[in-house]
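To start, the structure under review is shown below, and the notes come after it.
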Amino acid sequence: QAQLVESGGGLVQPGGSLRLACALSGSSLSIYTMGWFRQAPGKQRELVASITYGERPNYADSVKGRFTISRDNAKNTVYLQMNSLKPEDTAVYYCNRAVGSRYSWGQGTQVTVSS
């Protein structure tokens with residue numbers, strides 16, 4: 001059974017950086033468009049970045065120019081480099097297929113941006 005495990009979150013000051021990682025076991029992500037999602041308290045989960053199997057990225061306007069998504073198919077892992085973090089980036093971050101049927105959601109990783 002496919003399992004997603006996100007890691008790399010934490011508490012960071014505004015303007016700081018974090019690098020998230022998402023490892024998939026039990027399946028291969030190499031042919032899928034993968035995405036990073038986030039869910040803030042009281043809000044719906046939203047897609048913030050995606051990357052095709054051909055490594056073409058796409059970003060939500062709210063993170064464009066600050067976040068960079070990448071993938072390592074050999075490691076079955078997707079990454080999200082987050083720079084210039086803002087308090088409004090505070091959320092639980094998840095990864096999953098960005099298109100079509102999804103894997104079961106992982107536990108996510110908490111990102112808190114606060115001074």
So, first residue closer than 13 Å to Thr33 by Cβ and without any contact (Cβ under 8 Å) to a residue 60 or more places away in the chain in region 45-74, second residue of a type in the set (Ser, Thr, Tyr) and part of a loop (DSSP other than H, G, I, E, B), Cβ within less than 6 Å, six or more apart or across chains; the pairs are Ser50/Thr33; Thr52/Thr33; Asn73/Ser30
Among Arg45, Arg38, the single one that is more than 18 Å from Gln3 (Cβ to Cβ), among the basic types (Lys, Arg) and open to solvent by less than 30 Å² (accessible area, probe 1.4 Å) is Arg38
Would you list the strands (runs of 3 or more DSSP E) that sit entirely within region 1-109 and hold 2 or more residues that are touching a Leu at 6+ places or on another chain (Cβ under 9 Å)? 3-7, 10-12, 18-25, 34-39, 46-51, 67-72, 77-82, 91-97
If I filter region 75-85 down to residues being more than 14 Å from Ser50 (Cβ to Cβ) and either among the aliphatic types (A, V, I, L, M) or without any contact (Cβ under 8 Å) to a residue 60 or more places away in the chain (or both), which single residue comes out as surrounded by the fewest Cβ atoms within 10 Å (Cβ to Cβ)? Lys75
I'd like the residue in region 92-113 that is at pLDDT 95 or above, more than 13 Å from Leu47 (Cα to Cα) and out of contact with any Ser or Thr (no Cβ under 7 Å at 6 or more places or on another chain) and, out of all such residues, is surrounded by the most Cβ atoms within 10 Å (Cβ to Cβ). Gly108
Only residues in region 1-14 that are over 23 Å from Lys75 (Cα atoms) count as the first member; pair them with residues that are open to solvent by less than 60 Å² (accessible area, probe 1.4 Å), Cβ under 6 angstrom, at least 6 apart or cross-chain, and list the lot. Leu11/Thr112; Val12/Leu18; Val12/Leu85; Val12/Val113; Pro14/Val113
Would a scan of region 64-74 turn up a residue that is of a type in the set (Ser, Thr, Tyr), loosely packed, with under 14 Cβ neighbours inside 10 Å and out of contact with any His (no Cβ under 7 Å at 6 or more places or on another chain)? no
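The values are calculated or read from the model by the stated rules, or taken from the named source; none is laboratory data. Values in this document were obtained by computation on a predicted structure and should not be read as measured data. Quick reminder, even Gly has a Cβ in these numbers, built from the backbone with ideal geometry, and neighbours come from all protein chains shown. With ligands, DNA and RNA removed, areas are computed over all heavy atoms of the protein, side chains included. Shrake-Rupley method; radii C 1.70, N 1.55, O 1.52, S 1.80 Å.
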